[in-house]
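Everything below concerns the one structure shown next.
Just so it is clear, none of the values below were taken in a lab; they were calculated from the coordinates. Since the model is a prediction, treat every value here as computed from it, not as a measurement. No Cβ is skipped: glycine too gets one built from the backbone with ideal geometry, and neighbour counts run over all protein chains shown.
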Amino acid sequence: MKLISAFCLLALAILATPVAAQEWPYFVAYSHALEEPGNLEVEFKGVQATPKYGNAFSSGTIEFEYGATAWWTTEVYLSGQHTSNDSTVFNGYRWENRFRPLLREHFINPVLYVEYENLNQADRSLLEIVGHDSISDLRIPNAAARSVTERELELKLILSSNVRGWNISENFISEKNLTEPEPWEFGYAFGVSRPLALKAGSKDCFFCRENLSAGAEIYGGLGDMDSFGLKETSHYAGPTVAFDIPHGPTIGFSPSFGLNDNSVGAIFRFKVSYEFQQIFSHFHRGAR
Amino acid sequence: MKRATFSTWILLAASVCTAADTGWMKHVSEADRGRKNPYAGQADAIAGGSRLFVEHCSKCHGEDALGRGKRPSLRTKEVQEASDGELFSLLKNGYLKKGMPSWSALPEESRWQLIAYVKSLGEHGTTDAASPAPVGRQ
């Protein structure tokens, strides 16, 4: 089995050309950029934090994002985490789909996001904050948290604009637990970013400004149907940077800082993504 | 004989469908159609566009821009004679129905560079003097 997996990975690496993706340096917010049709992006997202009065943890999520069509991107996530003085656990999976309902570019571009989650409560990936998510959730020992599996439906309305090199993205999040009779929970994420140069240089270079993009994100919970609002939940904000390594992967880093007592003081996020272009074209008869 | 006729019809239909689908041109606004490429003919911009082409376009349209499989050539008469503004509109909006994604995440300046490069390639079959090899593959 290991041999087959190794062979598949090797075949993937040989057949496909890795390039930097057309994407913004966000970790939580989504823009309206979808995966190009036929491309597969493999991404690792890491999170490291030390909640006050809790144990430090590191979480890792691996994502496989595929451009099914020019207006539909589908993605599978697998998550796990390690907590100091505790244990290492696998958390579960997510299956996400994003659709562009309008087929042309507008000043504000909507994207509809539908995700099914099957995760235990030990999940620390913090890919979104909803409802009354707070620092106290991150102090629950793994043994207790992993025994509760939540199956949830997550819907997002993504609004995004590209203006003079800048991207401005607003996400409105709602989440429903499908296994427990809990109310709908809500959250938000906003992001703004820009490449450091808008024009490509005439020569290949490594540390060119055009390969770097920077911005900021703010995200947090909005309570639930019974108690909507900014209180009794957590909020974070921080800068974010990404570097497209020429002919290689994209790497990103973002420190997020807690904005109230329900939040962790600082969350450090990093990511590495690799896009394989036209992953299945080698199997098509028509391909040259 | 019947099989041969059927195959011919299929091939004919496929070639009509894939040959220079210019349906996207109908959606170009007059304002976009009239836009001029600020980098047209500039060597530096063409070289930058060539790098962008290798990174973002060549896997679908081929390194020579002559198309790959069902992905169309960019060196047809229709594309080469399209106005700068029409190509800019195509890059901005994509043609999502037919699989061409929107490249609006690329800054406007970069999109104009790409157009300058594609235009520099010329129509396939005509003189190739202005057909620089993509920078990344030289």
When N counts the residues of the stretch A:154-288, how does its alpha-carbon radius of gyration compare numerically with 2.2 N^0.38 Å, as a ratio?
1.37
Scale the Cα Rg of chain A by the rule-of-thumb value 2.2 N^0.38 Å and send over the ratio, two decimals.
1.02
In a Debye calculation with equal point scatterers on the alpha-carbon sites of the stretch A:113-201 and no solvent, what is log10 I(q)/I(0) at q = 0.22 Å⁻¹?
-1.11
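If we count every other residue with Cβ under 14 angstrom of A:Asn162's Cβ, Lys/Arg +1 and Asp/Glu -1, where does the sum land?
+1
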Compute from the Cα atoms of the stretch A:166-226 the Rg and the Dmax, the latter being the longest Cα-Cα distance, and quote both in angstrom.
19.0, 59
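Would you order A:Tyr113, A:Tyr53, A:Tyr26, A:Tyr188 from fewest to most other beta-carbon atoms within 10 Å of each residue's own beta-carbon? Please list the in-between numbers first.
Working: A:Tyr113 18, A:Tyr53 7, A:Tyr26 26, A:Tyr188 21.
Final ranking by Cβ density, sparse to dense: A:Tyr53, A:Tyr113, A:Tyr188, A:Tyr26.
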Select from the stretch B:69-112 those trypsin sites (Lys or Arg not before Pro) which occupy a DSSP coil region and have at most 15 other Cβ atoms within 10 Å, ordered by residue number.
B:Lys70
What is the mean number of Cβ atoms from other protein chains located within 10 Å of the Cβ atom of each residue in peptide A:193-202, rounded to a whole number?
6
In order over the stretch A:125-134: 3J(HN,Hα) from phi, Karplus 6.51/-1.76/1.60, θ = phi - 60°, whole Hz, x for each Gly or Pro, gives 6, 6, 6, 7, 10, 9, x, 10, 3, 8
Proxy exposure order for B:Met25, B:Met100, A:Met225 (fewest C-beta within 10 Å first) is A:Met225, B:Met25, B:Met100
Cα-based Rg of the stretch A:54-213 per 2.2 N^0.38 Å, rounded to two decimals?
1.24
Connecting C-alpha atoms closer than 10 Å in a GNM of chain A, tell me which of A:Ala216, A:Ala145, A:Ala242 has the biggest fluctuation.
A:Ala145
Given 0.36 nm per residue, what is the gain on full extension from A:Ser147 to A:Lys231 after removing their alpha carbon distance, in nm?
27.4 nm
Distance cut-off 27 Å, Cα to Cα: go down the list B:Lys36/B:Lys77; A:Lys156/A:Lys231; A:Lys271/B:Lys70 and report the pairs above it.
A:Lys271/B:Lys70
For chain A: relative contact order, % (alpha-carbon pairs under 8 angstrom, 6 or more apart):
22 percent
